[in-house]
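Scroll down for the structure; my scribbles are underneath it.
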Amino acid sequence: DGVTYVGLIPFWMRDIGVLGSPAVTHLGSFCETNVRLYSVDRHGRRGVVFVTLDASRLVPVLVARAVGLPYVWSRMRYRRRGEHVMYTCRRLRWPAPPPRPDGTPAPRVVRSQLHVRVGAPITSGPLEDFLTARWGLHAAGPLGQTRFWPNEHGRWPLHRAHVDHLDDGLLAAAGFGDLAARRPDSVLFSPGVDVRFGPRLPA
């Protein structure tokens, strides 16, 4: 329909493994916030394109950057008290963030703070399906070719949510200007699902 969305997605990664290795409880659990676009390739596979990914553990950041994902090391915090959830992010100065998609340098000093209030569970509608029924990620390979990393997960259990406070610099740092000042089209919360990634495929 000629419409797309930009997502600001903070969450908590828990017990992840790397390249088929067993989950590592400490190193594999960390905060992450990604700025994403929503994609579909010539085979009709629906995925996401990560513009930036801020994470609070250095080792996963370095491993992910080695395979071409735009991770940035940041000091982050996730806290939940009842229906209130708070995410904070402050980028560290090393390593330098990857350049923006247009090739311009990304700023090193970036902060984000988001407070949301979690509401009742909801049934997915067309917009929720568009945003959450994504089965992989599209990323550039070492020679510039697009690769697709498939993933498997159950349907996300969704709750409606309300933004009580947003002071975000991640969207602007990724090249999206003052988009954070715009009223969001959708605010959702999920308690999470288990996700498994497969090997990279040509897109």
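Bear in mind that the values in this text are calculations on the coordinates, not laboratory data. From a predicted model like this one, the values you see are computed outputs, not experimental measurements. Glycine also receives a Cβ, built like all others from the backbone with ideal geometry; neighbour counts cover every protein chain displayed.
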Q) So His115 clears everything in (1) touching a strand residue (DSSP E or B) at 6+ places or on another chain (Cβ under 7 Å); (2) more than 24 Å from Pro97 (Cβ to Cβ); (3) loosely packed, with under 15 Cβ neighbours inside 10 Å except one condition, right? Which one? A) (3)
Q: Give the number of residues within region 118-150 that are within 24 Å of Gly82 (Cβ to Cβ), touching a strand residue (DSSP E or B) at 6+ places or on another chain (Cβ under 9 Å) and either surrounded by fewer than 16 Cβ atoms within 10 Å (Cβ to Cβ) or among the aromatic types (Phe, Trp, Tyr) (or both).
A: 4
Q: Mind listing just one residue for me: the one in region 57-108 that is of a type in the set (Lys, Arg) and in contact with a Phe, Trp or Tyr (Cβ under 6 Å, 6 or more places away or on another chain) and, of those, farthest from Arg200 (Cα to Cα)?
A: Arg57
Q) Can you spot a residue in region 151-168 that is touching a Cys at 6+ places or on another chain (Cβ under 8 Å) and on the phi < 0 side of the Ramachandran plot? A) no
**Q.** Lone unmet requirement of (1) out of contact with any Lys or Arg (no Cβ under 7 Å at 6 or more places or on another chain); (2) of a type outside the set (S, T, N, Q); (3) touching a residue at least 12 places away in the same chain (Cβ under 8 Å) for Trp149
**A.** (1)
